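Participant: Can you keep this structure in mind? I'll have questions shortly.
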Amino acid sequence: KNQNQPGVITKQATMVQGVEIKDGFIQNVNPATGALITPLVPVSTPDQVAEAITIANRTQQTTWSALPLPKRIELLREGVANIEGIREELIATITKEMGKITAESTDEVDAAIGLKGKWLDMVQEANEDERLGDGTSESVIVRDPLGVVVVISPWNFPAGEIPLLALPALAAGNAVIVKPSEVTPLTGALLTNAIAKALPVGTLQLLQGDGVVGEQLVSSPDVHMVAMTGSSATGKKIMEKCAKNLKRIVL
């Protein structure tokens, strides 16, 4: 690259392995042009990560899990509907950040918006109490939330995977913290914040950064489950961290 060309960096990190972090900011690069995408996204600090975990636990225990399941589903539908208001911006951001052609970015965003219908109906049904009996006795299976769920999403489906991982956890009464791939931080922020606007403050939070931030989240004893879509190598690291205290995982 031309070092004198404005907005172009001379060294680009390998996409799958992550991107360069410089002076506390993610160096987010357009793969088609090599241009640095602005505004730059700051990496969440250890204090911010710890604070988010504290807020998530407090909100989950006092507010979100206290709402009945139908009300949680209603709010989640509103959150997914909010994506429609940023549809064009989200499509353009996916293409700019990770290089997916516009047609594929459009399909991904529209699929995410479509989750507000029958898919959330199925999520609700899966979380309802289940009554079992033979006419002489009856048992009730009640599904209680775990607490705080961390969602770590991939770069190649940056808008599609976040709701697929986060919405079932939220429907079950958990609070969720999303850490998008450092390759697609703006996409992750747009989508997560759109859904979060419909929910009580602290129910769905966003943190940004690379594996250092992810490791702090996964290792925290106050995080109760981790849901990740990504590489086998990262999955093995997460599994190793979670195995120490038998933390639940979805990989």
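The values are calculated or read from the model by the stated rules, or taken from the named source; none is laboratory data. Model, not experiment: these values are computed from the prediction. Positions of Cβ are generated from backbone atoms using ideal geometry, with glycine treated the same way; all protein chains shown enter the neighbour counts. Side chains are part of the model used for accessible areas, which takes the heavy atoms of the whole protein and leaves out ligands, DNA and RNA. Shrake-Rupley method; radii C 1.70, N 1.55, O 1.52, S 1.80 Å.
Participant: Quick check on segment 91-99. Is at least one of its residues over 17 Å from the mean Cα position of the chain (by Cα), among the β-branched types (Val, Ile, Thr) and open to solvent by 20 Å² or more (accessible area, probe 1.4 Å)?
Facilitator: Yes: one or more hits.
Participant: Would you check if residue 6 is out of contact with any helix residue (DSSP H, G or I) (no Cβ under 7 Å at 6 or more places or on another chain), at pLDDT below 95 and under 30 Å from residue 116 (Cβ atoms)?
Facilitator: Values: out of contact with any helix residue (DSSP H, G or I) (no Cβ under 7 Å at 6 or more places or on another chain): yes; at pLDDT below 95: yes; under 30 Å from residue 116 (Cβ atoms): no.
The answer is no for residue 6.
Participant: Still on this structure: Within segment 214-230, does at least one residue satisfy the condition of being surrounded by fewer than 16 Cβ atoms within 10 Å (Cβ to Cβ) and among the polar types (S, T, N, Q)? Quick ask: steps written out before the conclusion?
Facilitator: Initially, segment 214-230 is screened for residues surrounded by fewer than 16 Cβ atoms within 10 Å (Cβ to Cβ), giving 215, 219, 221-222.
Then drop every residue that is not among the polar types (S, T, N, Q), which leaves 219.
Yes: segment 214-230 contains one or more residues that are surrounded by fewer than 16 Cβ atoms within 10 Å (Cβ to Cβ) and among the polar types (S, T, N, Q).
Participant: Does residue 158 fit the bill of being over 27 Å from residue 27 (Cβ atoms) and buried (at least 21 other Cβ atoms within 10 Å of the Cβ)?
Facilitator: When the stated conditions are applied, residue 158 does not pass them.
Participant: Please indicate, with yes or no, whether at least one residue in segment 41-53 is assigned to a helix (DSSP H, G or I), in contact with a strand residue (DSSP E or B) (Cβ under 7 Å, 6 or more places away or on another chain) and either among the hydroxyl-bearing types (Ser, Thr, Tyr) or in contact (Cβ under 8 Å) with a residue 24 or more places away in the chain (or both). Break it down stepwise before answering.
Facilitator: If we filter segment 41-53 for residues that are assigned to a helix (DSSP H, G or I), which is where we start, we get 46-53.
After this cut, where a residue has to be in contact with a strand residue (DSSP E or B) (Cβ under 7 Å, 6 or more places away or on another chain) as well, the list is 52-53.
From the residues that got through so far, the ones that are either among the hydroxyl-bearing types (Ser, Thr, Tyr) or in contact (Cβ under 8 Å) with a residue 24 or more places away in the chain (or both) too are 52-53.
Yes, the conditions are met somewhere in segment 41-53.
Participant: Considering each residue of segment 101-128, count those that are among the acidic types (Asp, Glu), touching a helix residue (DSSP H, G or I) at 6+ places or on another chain (Cβ under 7 Å) and either surrounded by 14 or more Cβ atoms within 10 Å (Cβ to Cβ) or without any contact (Cβ under 8 Å) to a residue 40 or more places away in the chain (or both), and give that number. Break it down stepwise before answering.
Facilitator: Pass one, segment 101-128, residues among the acidic types (Asp, Glu): 104, 107-108, 110, 121, 125, 128.
Cutting the leftovers down to touching a helix residue (DSSP H, G or I) at 6+ places or on another chain (Cβ under 7 Å) gives us 108, 128.
So of that shortlist, the ones also either surrounded by 14 or more Cβ atoms within 10 Å (Cβ to Cβ) or without any contact (Cβ under 8 Å) to a residue 40 or more places away in the chain (or both) come out as 108.
Looking only at that region, the number is 1.
Participant: If you take the residues of segment 37-54 that are buried (at least 17 other Cβ atoms within 10 Å of the Cβ), out of contact with any Phe, Trp or Tyr (no Cβ under 8 Å at 6 or more places or on another chain) and among the β-branched types (Val, Ile, Thr), which of them is modelled with the lowest pLDDT?
Facilitator: Among those residues, the one meeting the criterion is 37.
Participant: Return a yes/no flag: does segment 130-137 have any residue that is open to solvent by 70 Å² or more (accessible area, probe 1.4 Å), in a loop (DSSP other than H, G, I, E, B), in contact (Cβ under 8 Å) with a residue 60 or more places away in the chain and not hydroxyl-bearing (Ser, Thr, Tyr).
Facilitator: No; the residues of segment 130-137 include none that is open to solvent by 70 Å² or more (accessible area, probe 1.4 Å), in a loop (DSSP other than H, G, I, E, B), in contact (Cβ under 8 Å) with a residue 60 or more places away in the chain and not hydroxyl-bearing (Ser, Thr, Tyr).
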